[in-house]
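Heads up, the thing below is written out as structure tokens.
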Amino acid sequence: MRAPSAAELVRVWELGQGRKLWYRALLLLAPLFPDSAFRVLGEMTLGARNAHLLALREQMFGTKLDATVRCPQCAERIQFTVSTDAFLPEPPTARPSAYEGTYTAHAAGAEVTYRLLCSYDLAAVSRLDDASYAQDALTARAIVGPQGLQLNAQVLDVVADAIVTTDPLADIRLGFACAACAHEWASSFDAASFLWSEIDSEVRRLFDEIHRLGTAYGWSEASILTMSAQRRREYLTRAS
Ligand SMILES: [Zn+2]
């Protein structure tokens, strides 16, 4: 997988303005797979999507990831560092392909048939405001049988766990312990959200460089974006 060029990054960022996160994630992946239809990218399992997003993140920013999380009990801000190697021991090599097949799990005395979730499932629940309800709605979408099955909390929990067992990167869980109040909990790490915010910062930095180089030398946005980061940096030190 190659890292996107500066021009591609600005274009993807522009196309993503005002769009939902699930769509932004596909915009990030689309230039990497020019031979794959956008629909196929959307029908990749969430685990496959996240694997490609993590690989892209490694290409662009490396494996070390610094982030913060708030303790849900006392609101203490906790800084943490993880390496994406921990989730992604090997880079995903497969071409994107749509999810297929069904699986079974046993819940509430029934054999529940489920499929894996994809970006279009995220799209379907993205209008729901309540995050916990959205998670249940997402799991419910994966359940394909038996007909008339009562979708209670037990069934939804079993299927949610079964999905992650089958497609481990679909929900990347991180464990935390708060030094202030000793509370321990697990949170989902949203690779798409994290990478988009990093790219947002990167593109805004690029706009600063374009502004400064354009003002100093009269170069166009397009010509500045075709330069390597090293060349831009050299000219920036001379322009200031
Ligand atoms: Zn705490």
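Read-outs throughout are calculated quantities, based only on the coordinates presented, and are distinct from any laboratory measurement. The model shown is predicted, which means the values in this text are computed figures rather than measured ones. Neighbour counts are summed over all protein chains in view; Cβ atoms, including those assigned to glycine, are modelled from backbone coordinates with ideal geometry.
Scan around Y99 for amide H atoms under 5 Å from its own, H built in the peptide plane at 1.01 Å from N, and keep only partners 5 or more places away or cross-chain.
M44, T45
Rounded to whole Hz and in sequence order, give me ³J(HN,Hα) for region 109-120 from the Karplus expression 6.51 cos²θ - 1.76 cosθ + 1.60, θ = phi - 60°, writing x for Gly and Pro.
Here the 3J(HN,Hα) series is x, 10, 8, 9, 9, 9, 10, 7, 8, 9, 4, 5 Hz.
Return the long-range amide H neighbours of L117 (sequence gap of 5 or more, or a different chain), with a cut-off of under 5 Å between placed amide H atoms.
Correct list: L46.
Compute the separation of the alpha-carbon centres of region 1-19 and region 32-56 and state it in Å as a whole number.
If we compute the Cα centre of each part, the gap is 15 Å.
Ranking C181, C71 by Cβ neighbours within 10 Å, fewest first, what do you get?
Ordered from fewest to most neighbouring Cβ atoms within 10 Å, C181, C71 come out as C181, C71.
With a sphere of radius 12 Å drawn around the Cβ of L26, what net charge do the other residues whose Cβ falls strictly inside it have (Lys, Arg +1; Asp, Glu -1)?
Residues close to L26 contribute a combined charge of +4.
What's the long-distance tail for region 6-199, i.e. % of Cα pairs beyond 24 Å?
46
In whole Hz, what ³J(HN,Hα) sequence does region 69-83 give by Karplus (6.51, -1.76, 1.60; θ = phi - 60°), x for Gly and Pro?
9, 9, 5, x, 8, 10, 6, 4, 8, 10, 8, 9, 10, 10, 9
So what is the relative contact order for the chain, in percent, with contacts set as C-alpha pairs under 8 Å and at least six apart?
Reported relative contact order: 22 percent.
Any cysteines in the chain with zero other Cys Cβ atoms under 4.7 Å from their Cβ? List them, or say none.
By the Cβ distance rule, which asks for a partner under 4.7 Å, the isolated cysteines are C118.
Working from Cα positions, state the angle (0 to 90°, nearest 10) between the long axis of helix 46-61 and the longest principal axis of the chain.
Its long axis makes an angle of about 20 degrees.
Return the single residue from D66, D167, D157 with maximal mean-square fluctuation; model: Gaussian network over the chain, springs between Cα atoms under 10 Å.
D66
How large is ³J(HN,Hα) for each residue in region 165-178, as worked out from phi by the Karplus curve 6.51 cos²θ - 1.76 cosθ + 1.60 (θ = phi - 60°), to whole Hz, x for Gly and Pro?
Here the 3J(HN,Hα) series is 5, 6, 10, x, 7, 4, 9, 8, 9, 10, x, 10, 9, 8 Hz.
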